[in-house]
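Everything below concerns the one structure shown next.
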Amino acid sequence: MKSLIAFVLLTLTMNIHAAEFLTSSQKNEVLTQIDNICGDTWCEGDYDYSFNEINCDSETKTCALNFDYISYTHNEDGWDVVGEQRSTVTCTIEGVSKYEDMVDTGRRYGGLVWDFYEKVGECTDLYYDYAPAQVYLTYEFINCDEENKSCDMAIVFENYENDDIYRNSCSEIDPNSNDVKFCIQDLEVRAYRYFNRVD
């Protein structure tokens, strides 16, 4: 009985390893090549991206690409980044069964195979509606004490895609402390939940 169990476990283990056709170093190289080309393509759009993980299956000839859409929150003049929000998605890429289907090994510095490059681009387009809203914020300190060491902080987040506005505030904030950053971070999460209508 023990021999049978051991055989079954060994068979399952072999099947699991056989399904994944990329080595760890190859996975890293695929993600690196995607990231390298991103700066000249998808990352020049409304969002930045973080390509986190790729897992492939030789039996189904598919790869699951996990990545983040990154939206940066800017201040009113649009130059300074004061925060960020991410949406993580996983896209299935079909028609790949080996490393050479993804990375051009015939080139000295690699690069993506054109067909695979187009499929990654389709992934970034496919889940675009899941990406965070594009937001900038303004804030002001009101109701300060005489020494200006404790104020209420009123913040307005504006979605510049549709002019939707979210307002909120923090109480008893020291304008010269990290409380300002913590307030922005806390309300930023709430603003993105509002703009993306996350329940």
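The values are calculated or read from the model by the stated rules, or taken from the named source; none is laboratory data. Computed from a predicted model, the values in this text were never measured in an experiment. Backbone-built Cβ (ideal geometry, glycine too); neighbour counts: all protein chains shown.
Within the range 143-199, the set of residues being assigned to a loop (DSSP other than H, G, I, E, B), touching an Asp or Glu at 6+ places or on another chain (Cβ under 8 Å) and of a type in the set (Gly, Ala, Ser) comprises Ser150 only.
Selection of the range 126-151 for residues being charged (D, E, K, R) and either in contact with a strand residue (DSSP E or B) (Cβ under 6 Å, 6 or more places away or on another chain) or under 23 Å from Val180 (Cβ atoms) (or both) yields Glu140, Asp145, Glu146, Glu147, Lys149. Checking each residue of the range 90-111 against the condition of being modelled with pLDDT under 90, out of contact with any helix residue (DSSP H, G or I) (no Cβ under 8 Å at 6 or more places or on another chain) and surrounded by 12 or more Cβ atoms within 10 Å (Cβ to Cβ) gives no match. Cβ-Cβ contacts under 7 Å between residues 6 or more apart (or on different chains), taken from a first residue in the range 158-171 that is assigned by TED's automatic domain parsing to the domain that holds Phe141 to a second residue that is surrounded by 11 or more Cβ atoms within 10 Å (Cβ to Cβ) and in a loop (DSSP other than H, G, I, E, B), are listed as Asn159/Ala133; Asn159/Gln134; Tyr160/Gln134; Glu161/Ala133; Glu161/Gln134.
Of all residues in the range 141-157, those being of a type in the set (D, E, K, R), surrounded by 12 or more Cβ atoms within 10 Å (Cβ to Cβ) and out of contact with any Ser or Thr (no Cβ under 8 Å at 6 or more places or on another chain) number 1.
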